[in-house]
Amino acid sequence: MTKTGGRHRKDLEWGILAESVGPRVRLLRNALTARSIAVSAPYELPTGSLTILALIAANPGSSQAALARRAGINKSALVGIVDQLESRGLAGRDRSSSDRRRNSLSVMPEGEEVMHKLFAAVGPEEQPIRDALGAADMARLLTLLDRAIAALDSEDA
């Protein structure tokens, strides 16, 4: 229990959700998203731009559909983000030489610079989590999250 304003407050119980992953992941996502939006606002880029830039940089030539899946957004949202990144000279879009129906995306030099600046601004927002977990538990959390995502991806395939 914690003392707040002269009263004792006990954290709320999860009840039927005690063994559920979704509500906890949603709370964590919402908190991190709000922090990320606040520190990245000066860049005037759409939410998700860092994720998309990082995925393009790490996976050059990937399809927009694959990037949208990995980012957890729909294809039309991805197209909107890529349009804005392209109009600002941060990303480039060319027709794939192997499949004319597909665009090949790349991060432009200025996009690399902005991506690293955004990461430097957003990264510290995760520091309280890293501090609370320590390096070993943080690595374990990332491994467990990747396994959970893969489990749901395999069901969708």
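The values are calculated or read from the model by the stated rules, or taken from the named source; none is laboratory data. Every value quoted in this text rests on a predicted model; they were computed, and no experiment measured them. No Cβ is skipped: glycine too gets one built from the backbone with ideal geometry, and neighbour counts run over all protein chains shown.
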Worksheet item: In the range 145-157, what residues are aliphatic (A, V, I, L, M) and part of a helix (DSSP H, G or I)?
Response: LEU145, ALA148, ILE149, ALA150, ALA151, LEU152
Item to complete: Inspect the range 71-78 for any residue being in contact with a strand residue (DSSP E or B) (Cβ under 6 Å, 6 or more places away or on another chain), among the hydrophobic types (A, V, I, L, M, F, W, C), within 22 Å of ILE37 (Cα to Cα) and assigned to a helix (DSSP H, G or I) and give the result as yes or no.
Response: no
Practice prompt. Tell me, please, whether a residue that is over 24 Å from LEU32 (Cβ atoms), touching a residue at least 40 places away in the same chain (Cβ under 8 Å) and not polar (S, T, N, Q) can be found in the range 89-107.
Written response: yes
Discussion item. Anything in the range 108-139 that is under 18 Å from the mean Cα position of the chain (by Cα) and more than 23 Å from VAL39 (Cα to Cα)? List them, or say none.
Written reply: ALA139
Item to complete: Considering every residue within the range 122-144, establish whether at least one is buried (at least 16 other Cβ atoms within 10 Å of the Cβ) and part of a helix (DSSP H, G or I).
Response: yes
Discussion item. I'm trying to understand the selection: among the residues of the range 24-41, which are without any contact (Cβ under 8 Å) to a residue 12 or more places away in the chain and not aliphatic (A, V, I, L, M)?
Written reply: ARG24, ARG26, ARG29, ASN30
Worksheet item: Do you know which residues across the range 60-76 are surrounded by fewer than 14 Cβ atoms within 10 Å (Cβ to Cβ) and not small (Gly, Ala, Ser)?
Response: PRO60, ASN74, LYS75
Item to complete: Return a yes/no flag: does the range 41-49 have any residue that is surrounded by 13 or more Cβ atoms within 10 Å (Cβ to Cβ), of a type outside the set (S, T, N, Q) and touching a Leu at 6+ places or on another chain (Cβ under 7 Å).
Response: yes
Discussion item. Can you confirm whether VAL107 is among the hydrophobic types (A, V, I, L, M, F, W, C) and more than 29 Å from VAL25 (Cα to Cα)?
Written reply: yes
Discussion item. Cβ-Cβ distance below 9 Å, separation of 6 or more or different chains: which pairs start in the range 44-72 with a residue that is under 15 Å from LYS117 (Cα atoms) and end on one that is among the basic types (Lys, Arg)?
Written reply: GLU44/ARG88; LEU45/ARG88; THR51/ARG70
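For every residue, the table says whether it meets (1) part of a helix (DSSP H, G or I); (2) among the basic types (Lys, Arg); (3) closer than 29 Å to GLN127 by Cβ; (4) modelled with pLDDT under 95.
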site: ARG26; (1), (2), (3), (4): yes, yes, yes, no
site: ILE52; (1), (2), (3), (4): yes, no, yes, no
site: ALA57; (1), (2), (3), (4): yes, no, yes, no
site: ILE81; (1), (2), (3), (4): yes, no, yes, no
site: GLU86; (1), (2), (3), (4): yes, no, no, no
site: SER98; (1), (2), (3), (4): no, no, no, yes
